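Enquirer: Sending over a structure as C-alpha cells; questions will come in a sec.
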Amino acid sequence: MKSIAIVGRGCVGLPLSLQFARSGAAVLGLEASTDFSRIGEVDAITLCVPKPLNHLREPDLSYVLETGRALAPFLKNGSLVVLESIPLISLP
Ligand SMILES: NC(=O)c1ccc[n+]([C@@H]2O[C@H](COP(=O)([O-])OP(=O)(O)OC[C@H]3O[C@@H](n4cnc5c(N)ncnc54)[C@H](O)[C@@H]3O)[C@@H](O)[C@H]2O)c1
C-alpha cells in the first residue's frame, strides 16, 4: 500500500497515522484536510470515528454512517475501506 487516508484522528487514528507514516506510506490525515474528494487519491481508507454507546448502551453508528456517506461518492474502484472497531461485550 502506498497511500492511506485516516478519517478521525483521536485515540486510535492519530497513532495509526504516525505508524503508517513511519512505514513509508503517504498519509492523508497528517496533511489535514476536510475535503472528502481527496479520498480518490489514496489506496486505502481507515475510519477511526467515534462509536459511543447510546442511552440503551448500544453503539451509536451515526458517525460511521455519516462518514461513509460523505466518502462514498469519491471512492475509486479497488479502494480498501477499513472500519476500526472494538467488540462490545455485554456485562451482566
Ligand atoms: N480507543 C480504543 O481503545 C479503541 C480500540 C480499538 C478500536 N476503537 C474504535 O476506533 C474508533 C475510534 O475510537 P477513538 O477512541 O479513536 O475515538 P476518539 O473519540 O478518540 O476519536 C475520534 C475522532 O474522530 C473525529 N471525527 C468524528 N467525526 C468525524 C468525521 N465525520 N470526519 C472526520 N473526523 C471525525 C473526532 O473529532 C475525533 O477526533 C471507534 O469506532 C472505536 O470503537 C477504539
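Please treat every number below as a calculation from the coordinates, not as lab data. All of these numbers come straight from a predicted model, not from anything done at the bench.
Enquirer: Over the alpha-carbon set of segment 3-83, divide Rg by the Kirkwood Rh and report the Rg/Rh ratio to two decimals. Don't skip to the end; give the middle numbers.
Expert: Values: Rg = 13.0 Å, Rh = 13.1 Å.
Reported Rg/Rh, Kirkwood definition of Rh: 0.99.
Enquirer: With runs of 4+ DSSP H residues as the only contributors, calculate the mean residue ellipticity of the chain at 222 nm using -39,500 (n - 2.57) per run, divided by the residue total and rounded to the nearest 500.
Expert: -6500 deg cm²/dmol
Enquirer: Taking all pairs of distinct Cα atoms, average 1/r, flip it, and tell me the Kirkwood hydrodynamic radius of segment 16-57 in Å to one decimal place. Write out the running numbers ahead of the final one.
Expert: Numbers: mean 1/r = 0.0811 Å⁻¹.
The answer is 12.3 Å.
Enquirer: Also, I was wondering about something else. Counting DSSP beta bridges in the chain, what percent are antiparallel, to the nearest 5?
Expert: Antiparallel: roughly 10 percent of the beta bridges in the chain.
Enquirer: Right, another one. With a cut-off of 8 Å between alpha carbons and a minimum separation of six or more residues, what is the relative contact order of segment 3-83 in percent?
Expert: In percent, rounded to a whole number, it is 34.
Enquirer: Can you give the angle from 0 to 90° between the axis of helix 62-71 and the longest principal axis of the chain, with both taken from C-alpha atoms, to the nearest 10?
Expert: With rounding to tens, the tilt is 20 degrees.
Enquirer: Next question. Cα axis of helix 13-22 to longest principal axis of the chain: angle in degrees, 0 to 90, nearest 10?
Expert: The answer is roughly 30 degrees.
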